[in-house]
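Data first, discussion second: the structure below is written as structure tokens.
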Amino acid sequence: MCPACPYIKYGKEVSINDKEKWNINRRMTCETYNIIYMLECQKDKCRQRYIGTTGRQLKLRLAEHRGYISNQVISKATGAHWNLPGHSLADLRVTILEQTKYKNEEYRKEREKHFIRKFDTFNSGINREW
């Protein structure tokens, strides 16, 4: 079994806030590439989110995030968050928000910024820069 698959959260939409939802227009998997993704903490009182992007398959990028957590790399936003007291790798879930139209890093970075603003993950989430 793929080491990324247990962390993937599937669905047709994700809540942005109490009033707004983001529709996911197609099923994507651990092998989907050229994406914008959201990591979400599953702790009941936490639910913090992180928006990221990669041109590679999700499973490859997720392996890096899992490494930051497992190896306590607190210089990385995800490593710092999932190593907080009471948190663990078991609390991590990932949702692919979008596979971008263009295989272009600049375009992907712009889409990532768009989602960071939309989900407000810089001010009220885990993202440290944008």
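Taking only the alpha carbons of the chain, we obtain Rg and Dmax values of 13.7, 40 Å in that order.
Rounded to the nearest 20 debye, what is the charge dipole size of the chain about its Cα centre when +1 sits on each Lys and Arg Cβ and -1 on each Asp and Glu Cβ? Mind dumping the intermediate values first?
Working: 25 positive and 15 negative charges, 45 e Å.
Dipole of the chain, to the nearest 20 debye: 220 debye.
Think of segment 42-130 as having a plus end and a minus end, set by charges on the Cβ of Lys, Arg, Asp and Glu; of 115, 70, 96, 96 sits farthest toward the positive end of this dipole. Here the gap between residue 74 and residue 113, fully extended at 0.36 nm per residue and compared with their Cα-Cα distance, gives a gain of 11.8 nm.
Close amide H partners of residue 24, meaning residues 5 or more places away or on another chain with modelled amide H under 5 Å apart, are 13, 14. Residues within the reach of a label modelled at residue 88 (point 7 angstrom out along Cα to beta-carbon, backbone nitrogen below 14 Å), restricted to segment 43-77, are 43, 70. When all alpha-carbon pairs of segment 87-130 are counted, what percent fall beyond 18 Å? Of all Cα-Cα pairs in segment 87-130, 39 percent lie more than 18 Å apart.
Read-outs throughout are calculated quantities, based only on the coordinates presented, and are distinct from any laboratory measurement. Worth saying up front: this structure is predicted, and the values here are computed from it rather than measured. Positions of Cβ are generated from backbone atoms using ideal geometry, with glycine treated the same way; all protein chains shown enter the neighbour counts.
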